[in-house]
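Here the structure comes first, spelled out in structure tokens, and everything after it is commentary.
The values are calculated or read from the model by the stated rules, or taken from the named source; none is laboratory data. Only a predicted model underlies this, so the values are computations on that prediction, with no experimental measurement involved. Cβ atoms come from the backbone with ideal geometry, glycine included; neighbour counts cover every protein chain shown.
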Amino acid sequence: MKKLIVLLFVIVAALSSLSASDWHFWGKDLDQHPEILLGFCPTYLYGGVGYRGFEILPGHTTDIQLMAGAGYVQRKLFQDPDTGRPLHSPENFDGETELPYGPIIYDLVQVDWALKLVQGFWDSPVEPGDDLLNITIAYEGKFEGAMDSMKTGAWRQNWDYLPIQTLDTYVGHDSTVYPDLKGNHQYLGTNFNLGFELDLMTDDVETNDGFLLNLDIDWAPLALNSALDGEADFYSIVFNAVGAKTLYQYEANGRHWFSISLVDRFNINWTSGDKVPVYAQKQGSLGRKVRGYASYSYNSELTIVNNLDLRFTSPAIGVDGLYIRLNLFFDMGYGAGNFYNSEYKQNQFIASTGAQISFTVFDFIDLGYQVAYLINGVNYAKGPSHFSSSFFFFLDF
């Protein structure tokens, strides 16, 4: 574990050194396969390069970004592939439409690419040299090849100990709920994005103050998402607001020793369409946004979420940029509308509270452990217990 942390620190330090030139590294995401080294080894990476060598508007950033990612991951889904109803364990089986073998588990080869133009407007009143407003126009492409889990036939605990089935057994070849898994389970997709970001935030890891507002609009038309057997036809509108305030900071001899910050995030997501693919279901799922629950669960078209954090940040550990952070959180989420690609409707309210402890590297990488108490609702991946715990490992650029 120590070697992994040191390696990550060296990589990020090297990449951040590029920012002084016109070319810079831009990282966005990583993922793991839970069956490979218990999920501690990244098996999917997404990043790229940006060029800021010219300006469309004098004095404001013009950033052309080329992004790419590839890897091998696992997905675990919680909707009946025919009706869209939430999947339950055998203990919760009500004799109607739920399937008796637990969540849908399969592996995926994933390749992503994107071309983005980011243009800044107006001078920031809080960060000299930065832009107040950034507008992004992007083309995003994706190839996904789904296959049986590497552990097909093995027993895993999801509510109860249940065997992992083949992908054909789970969804067949013509699932309406998972349109990108139709036929031979291969999907080639195109997505267009328009994004707006209003930045009034100062964030140097040790302190957080101000506001950050985002509006993202995504559109994936069927005509550009049906080249292979898998299909997609959806749109998404996401509004995200973040407010932060440093409550206390102790400094001595010009060095940061300790700080406490309050951070609140408010998110509204409307994702809908005739064929919402699995990757978009993850981004919109209420279970992904409220900590302690499972991604791909509580999959309603409308989600409204608030995440409240109280952060305690240590002094730099050994070298500048490496910190230990304790985070106490309280999350609430509400979902309404149809579950994706179905006529099944369910209004739902879930909430959780808990704690996270992590190593933070330049505020880019967080590696840590989370314990959550589920106030309402259940974690479909863990079972009926009100407690949920997990390791987390992600980039946050």
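What number of residues within region 214-241 satisfy the criterion of being within 16 Å of Asp180 (Cα to Cα) and among the aliphatic types (A, V, I, L, M)? Looking only at that region, the number is 7. Within region 374-391, residues that are under 15 Å from Asp160 (Cα atoms) reach partners that are loosely packed, with under 15 Cβ neighbours inside 10 Å with beta carbons closer than 7 Å, at six or more positions or on different chains, in the pairs Val378/Pro384.
Of the residues Ser236, Ser272, the single one that is touching a residue at least 60 places away in the same chain (Cβ under 8 Å), outside any loop (DSSP other than H, G, I, E, B) and touching an Asp or Glu at 6+ places or on another chain (Cβ under 9 Å) is Ser272.
Residues that are crowded, with 19+ Cβ neighbours inside 10 Å and under 22 Å from the mean Cα position of the chain (by Cα) within region 310-331 comprise Arg311, Arg325, Asn327, Phe329, Asp331, listed in sequence order. The residues of region 100-118 that are surrounded by fewer than 20 Cβ atoms within 10 Å (Cβ to Cβ) and either over 27 Å from Gly39 (Cα atoms) or modelled with pLDDT under 95 (or both), listed by number, are Pro100, Tyr101, Leu115, Lys116, Leu117.
Residues considered: Gly230, Gly183. Of these, the only one that is assigned to a loop (DSSP other than H, G, I, E, B), on the phi > 0 side of the Ramachandran plot and touching a Leu at 6+ places or on another chain (Cβ under 8 Å) is Gly183. Being modelled with pLDDT of 90 or more, under 27 Å from Phe192 (Cα atoms) and assigned to a loop (DSSP other than H, G, I, E, B) is a property that Thr152 lacks. As a summary of the residue check, Gly195 satisfies the conditions (1) part of a strand (DSSP E or B); (2) under 17 Å from Asp80 (Cβ atoms) except for the one numbered (2). Taken together, the criteria place Met147 among residues that are in contact with a helix residue (DSSP H, G or I) (Cβ under 8 Å, 6 or more places away or on another chain) and of a type outside the set (Val, Ile, Thr). Listed by first and then second residue, the pairs linking a residue in region 27-46 that is touching a residue at least 24 places away in the same chain (Cβ under 8 Å) and more than 27 Å from Gln65 (Cβ to Cβ) to a residue that is polar (S, T, N, Q) and assigned to a loop (DSSP other than H, G, I, E, B), with Cβ atoms under 9 Å apart and 6 or more places separating them unless they lie on different chains, are Glu35/Ser149. Within region 328-348, residues that are on the phi > 0 side of the Ramachandran plot have Cβ atoms under 7 Å from residues that are surrounded by fewer than 18 Cβ atoms within 10 Å (Cβ to Cβ) and of a type outside the set (D, E, K, R) in these pairs: Gly337/Leu302; Asn341/Thr176, counting only partners at least 6 apart in sequence or on another chain.
Every condition in (1) closer than 27 Å to Pro86 by Cα; (2) touching a helix residue (DSSP H, G or I) at 6+ places or on another chain (Cβ under 7 Å) is met by Phe359 except one, and the failing one is (1).
Select from region 245-265 the residues that are of a type in the set (S, T, N, Q) and out of contact with any Phe, Trp or Tyr (no Cβ under 8 Å at 6 or more places or on another chain) and write down the one among them that is surrounded by the fewest Cβ atoms within 10 Å (Cβ to Cβ). Only one residue fits best here, namely Asn253.
Could we say that Val242 is of a type in the set (Val, Ile, Thr), crowded, with 16+ Cβ neighbours inside 10 Å, within 25 Å of Ala114 (Cα to Cα) and in contact with a strand residue (DSSP E or B) (Cβ under 8 Å, 6 or more places away or on another chain) here? Here the answer is no, as Val242 does not meet what is asked. Run Ala280 past the list (1) within 30 Å of Phe330 (Cβ to Cβ); (2) of a type outside the set (Phe, Trp, Tyr); (3) part of a strand (DSSP E or B); (4) touching a residue at least 24 places away in the same chain (Cβ under 8 Å) and report the number of the one that doesn't hold. Condition not satisfied by Ala280: (3).
Selection of region 341-377 for residues being modelled with pLDDT of 90 or more and charged (D, E, K, R) yields Glu343, Lys345.
Taking only region 155-173 into account, find how many residues are closer than 20 Å to Leu228 by Cβ, surrounded by 13 or more Cβ atoms within 10 Å (Cβ to Cβ) and either touching a His at 6+ places or on another chain (Cβ under 9 Å) or free of Cβ contacts under 8 Å to residues at least 12 places away in the same chain (or both). So the count comes out to 2.
Of everything listed in (1) surrounded by 14 or more Cβ atoms within 10 Å (Cβ to Cβ); (2) modelled with pLDDT of 95 or more; (3) not basic (Lys, Arg), the single unmet condition for Ala223 is (1).
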